[in-house]
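Each value in this text was obtained by applying a stated rule to the coordinates, not by laboratory testing. Predicted model, so just to flag it, every value in this text is computed and none were measured. Ideal geometry is used to build each Cβ from the backbone, glycine not excepted, and the neighbour counts take in all protein chains shown.
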Amino acid sequence: MDTRTLLLELHCEEIPARFLKSLSGEFAEAFKAWALEQKLDQLRTEFFYSPRKLAWRVEGLPVAQADQIEIQVGPPQRMCVDESGMPTQTGQKFAEKWGIEFSAVRFEQPTGKKEPCAVVTLKKEGRPTLQLLTEALPGLVSGLHVPKAMRWGYSEFEFVRPIRNILCLFGHEIVPIEIDGVKAGATTWGHRLYHRDHPEAMAIKHPEAYETTLESAGVVAAFGKRRRLMDDQLKRLAAEVAGQVVEDEELLDVLAEIVECPKIIRGEFPVSFLDLPKEVLVTSLKEHQKSFCIENDKGELLPCFLTAANRPDDPQGFVKGGNEWVLKARLYDARFFFAEDRRTRLETRLEKLSHLTFHRELGSYVEKTERITRIAEKLAADRGLDVALAREAARLCKADLVTLMVGEFPELQGVMGGEYLRNEGQPQDVWMAVKEHYQPVSAEGDIPTTPMGGVLAVADKLDTVVGCFAIGQIPTGSKDPLALRRAGQGIVRIAWEQGWTLNLADLVEEGLGAVKARAVKPESESREALLTFFRDRVAYQLEHSGLPGPVRRSALPAGWSDLKDLRARCEALSQFAEDARFASLAQSAKRIGNILKDEEPREEFDAALLQQDEEKALAAHLIRLEMAPDHGALLNSLAELVQPLEAFFNSVMVKCEDAALRSARLSLLHRLRKTFLRVADFSQWQ
Amino acid sequence: MHVQELILRLQRYWADRGCLVGQPYDIEKGAGTMNPLTFFGALGPKPWNVGYVEPSRRPGDGRYGENPFRLYKHHQFQVILKPSPAKVQEMYIASLEALGIDMRKHDLRFEEDNWESPTLGAWGVGWQVVLDGMEISQFTYFQQVAGIDCRPVSAELTYGIERICMFLTGIDNIFDLTWGEITTDQGIFPIKYGDVRHREEFELSAYSFEHANLELHWMLFTEYEKEGWRMVKDHGHFLSAYDQALKMSHTFNVLDARGAVSTTERPGIIKRVRDLACACARAYLEHETTKADAAQEVK
């Protein structure tokens, strides 16, 4: 059958960048589902988006549906025809139901039926695709889920932004749809700049000509292409001043979403602003001006920035000049905040924290600070760090929330507190801890570099997690509005990667103790939920650390809360991840598990009772295993246990008649299993 | 380009496109949206086009006249087009050209910026208009005012007069802008923005941050509220009641700048202003309906 390409473009007033991708994807999915339902094959769907356009191109759509044959099975023949061969009422009704003469009904025995039944074959003629599209497309568009929909003018139609033009072609033919009074045609609009000199709309001759026609009118329709072009320009312009771009994938995405014509402009700002902390400059440039910073190979910023323009050139330097002018005003503000904030010591702001609510049910930031302090002191003492410094860092860590700079740039929380404390001459342990205590800010983000930073970060996150559990705010399924999983993961990652000796069960107790006064849920309930929560976080940490599956699965059930021990076991086990002997050990471990099920073996047994050589050998091995000084030695001995174990199971019948002997054998296996479990549950080693 | 020339051109431009030229409303307010020409104009079914300058006071933005980019009081040029025209973006762009901005040389973008005014119970969606990296206007399709759906929807365009003027002249200190020129028998004298407004910035900043009598302002806030409810409830007078809501709003802003409003109190206080404003809007619509019914009967 002939196929054609469909092109649909909604030309709108500027669509918010954050919705472009999701709307495009959603429509493509909806179209695919519709086409499937209509039995229309398609080869390939592409989508395009730019600030003023949402467009889709579907290749290989047949020009019409294939004719369809449908077979309908009705009642048994004996109910449709009477003894004289005349149709019964039931038979007539069946024919009527499908709109045919009774004479056209056949009687056959369909598969799965025990007797012949009435059968009709219906031929459904396939409809032209153009017609189907005309009927369906408006509904597919208005059925899109628009997160922040709007109305305009007198219309009740809702969409992301007003639709001003519709281009809809099926091959060379216009699909005559109409959405909110806008009729589809074969034309569209290019860049505004282009149409200053070309007041007419542009004709798109056929769907394949879409991108090239638009490019001739100043619009690069594909996001990916715009992003690539901009990335190249960024690198080139940074290299021109002997620097490199301070990379930010998210910012590059945004820039490629807010322009139709990708162009990067490099501008300069006064050198004097380089006195501001690097983080302030990078954040200010990004948040206010959607600009990249440039750094030299020492990581120092240059007094330059890179940003996007939505036009091909900057003939008189107005775009560069304008951006420089605005940036200067912004940096002027940042410098004002930085100077104002430093006029008083950070400490003097603590009082204001009592007016700042952390959480309605968990109190103000003063209360939170008190809880963090309590936890941080304990953790610092456990780690052998200076408790007085930990107390000081914890006391001051939230004070920057009420500074002007953090008010302007919330993402600089912690960073500014650290900067200001450093300026005040606080010890490095204190200011670094404050600076780092929100880390890691993402799954892949850096963790605090200092031990004290780790302590404060864990204390802060622990208070948040335990506090929320204690008032019943527990993450479920995809719902985790307070990002508790991320906080919990941060705790585990810091302790794991900084190599803490830490028992998470004890840590949970510490948190529960601190939040007692605010708790709403019974403590035992919170404890149980928290232990499950942290066990999951630990499991994820093992995965995140890239440990092999067998190691993860077997190490965790043998104990998850003592992180240092778990880590040591995992590392020891990893040596044997590929060792075939361990696969055999896993079989034996399972066997032992099955044998011991429903048994209550004693700890001690009299080795003299053992009779066969194989079991005596095993008992001798057990003694060596139990004496193994560390995980490595134990695992080496375990590897050598494969033969004796196999021999044991091949020749020894554990559950024998002699009660005393049976009991001794069960104890032997029990003690073996106990020794295994010092490192791992090998029955999970698959 | 002088400040006054900018205003005159905008008035001329929009008058030529079928807008009434309105006047600032003589009560302190934070933005041109609060002018009754917009607040009531955007409600109800009647078409309505108007443009006007609005001096907008934001006590928290005061910088004692020391910051070259920020003001306690700045000027907005506000345009309301109801219903929003199909070519509203083109009309707006042409207005920039009328100000002398040659679009062939500049970079213009409409970036998402949705507007919300909790004190007026109003919200809309739209953009900040960015010219060569600088925000020069707010562009909003009103969806709700006073918690009531706008039918039809108005387009609101808000130009930042000082910003645009600085941009056009390349002067990077507001106070160095030229407001206009005066001609006397002795000659022509240019008058700077600073000459007209600098002392005002200093005094009003000092007042908002240091001198405002808190007790008095708390008392005023409560009294304005009572007075407003008395007018709208007992008399069905929405304009005099709305004046009280505007005064409440400004009084709150002063208290806020003085740091007298805690974060926990804030939503409750804003709600008190909103409740009165919403009552005024309902009274207005009721009045309009009665008027329309009466006109129907006369016919």
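Think of it as helices only: each DSSP H run of n ≥ 4 in the protein assembly as shown is worth -39500 (n - 2.57), and spread over all residues that comes to -14500 deg cm²/dmol at 222 nm. Region A:550-612 and region A:257-297 have Cα centres lying 57 Å from one another.
When only Cα pairs below 8 angstrom with a gap of at least 6 residues are kept, chain B shows a relative contact order of 19 percent. Computed extension gain for A:Arg164 through A:Asp598, at 0.36 nm per residue and net of the alpha carbon distance, reaches 148.8 nm. The ranking of A:Met150, B:Met166 from fewest to most other beta carbons within 10 Å of each one's beta carbon is A:Met150, B:Met166. For region A:35-68 versus region A:1-31, the spacing of their alpha-carbon centroids is 10 Å. Considering only alpha-carbon pairs that sit under 8 angstrom and 6 or more positions apart, the relative contact order computed for chain A is 7 percent.
Computed from label points 7 Å out along Cα-Cβ, the spacing between A:Glu37 and A:Asp630 is 6.5 nm.
For A:Val642, A:Val455, what ranking results if the residue with the fewest other Cβ atoms within 10 Å of its Cβ goes first?
A:Val642, A:Val455
Note on region B:1-125: antiparallel DSSP beta bridges, both residues inside, total approximately 85 percent of the bridges counted. Ranking of B:His250, A:His288 by neighbouring Cβ atoms within 10 Å, starting from the fewest: A:His288, B:His250.
Expressed to the nearest 5 percent, the antiparallel share of DSSP beta bridges inside chain A is 95 percent. The gain in end-to-end length when the A:Arg127 to A:Met86 segment is fully stretched comes to 11.0 nm, 0.36 nm per residue minus the alpha carbon separation. Fully extending the segment from A:Asp232 to A:Lys113 would add 36.0 nm, taking 0.36 nm per residue of separation and subtracting the current Cα-Cα distance.
How large is the convex hull of the C-alpha atoms of region A:594-686 per residue, in Å³? Please list the in-between numbers first.
On the way: hull volume 9.6 nm³, N = 93.
Roughly 104 Å³ of hull volume per residue.
Extents of region B:129-274, largest first, come to 57, 43, 36 Å (Cα atoms, principal axes, whole angstrom).
Look at where the Cα atoms of region A:337-396 and of region B:140-177 average out, and the two centres are 41 Å apart.
Between Rg and the Kirkwood Rh of region B:3-198, both from Cα atoms, what is the Rg to Rh ratio?
Radius of gyration over Kirkwood radius for region B:3-198 works out to 0.97.
Size descriptors for region B:213-294: radius of gyration and Dmax over Cα atoms are 14.3, 50 Å.
Give me the inter-chain shielding for B:123-134: mean count of other chain Cβ atoms within 10 Å, whole number please.
Values: counts 0, 1, 8, 5, 4, 0, 1, 7, 4, 13, 20, 7.
Taking the mean over all residues of the peptide, I get 6.
Among the trypsin sites (Lys or Arg not before Pro) found in region A:518-602, those both in a DSSP coil and sparsely packed, with 16 or fewer other Cβ atoms within 10 Å of their Cβ, are A:Lys597, A:Arg602. For A:Lys124, a cut-off of 20 angstrom between C-alpha atoms picks up these aspartates and glutamates, skipping any fewer than 8 places away in its own chain: A:Asp2, A:Glu37, A:Asp41, A:Asp67, A:Glu70, A:Glu96, A:Glu101, A:Glu135. A Cα-only calculation for region A:525-669 places Rg and Dmax at 17.6, 52 Å.
Placing R0 at 30 angstrom, the Cβ-Cβ distance between B:Glu66 and B:Gln4 gives a FRET efficiency of 0.75 after rounding to 0.05. Grouping the Cα pair distances of region A:68-124 into 5 Å bins from zero gives a pair-distance distribution of 4, 21, 32, 24, 14, 4, 1, 0 percent in increasing distance order.
The Rg/Rh ratio for the protein assembly as shown, using Cα coordinates for both the radius of gyration and the Kirkwood hydrodynamic radius, is 1.07. Remark: mean inter-chain Cβ contacts per residue of B:106-116 equal 6, using a 10 Å Cβ-Cβ cutoff to other protein chain atoms. In the structure shown, the pairs A:Lys148/A:Lys205; A:Lys298/A:Lys435; B:Lys29/B:Lys226 are assessed against 25 Å; a Cα-Cα span above that value is assigned to A:Lys148/A:Lys205.
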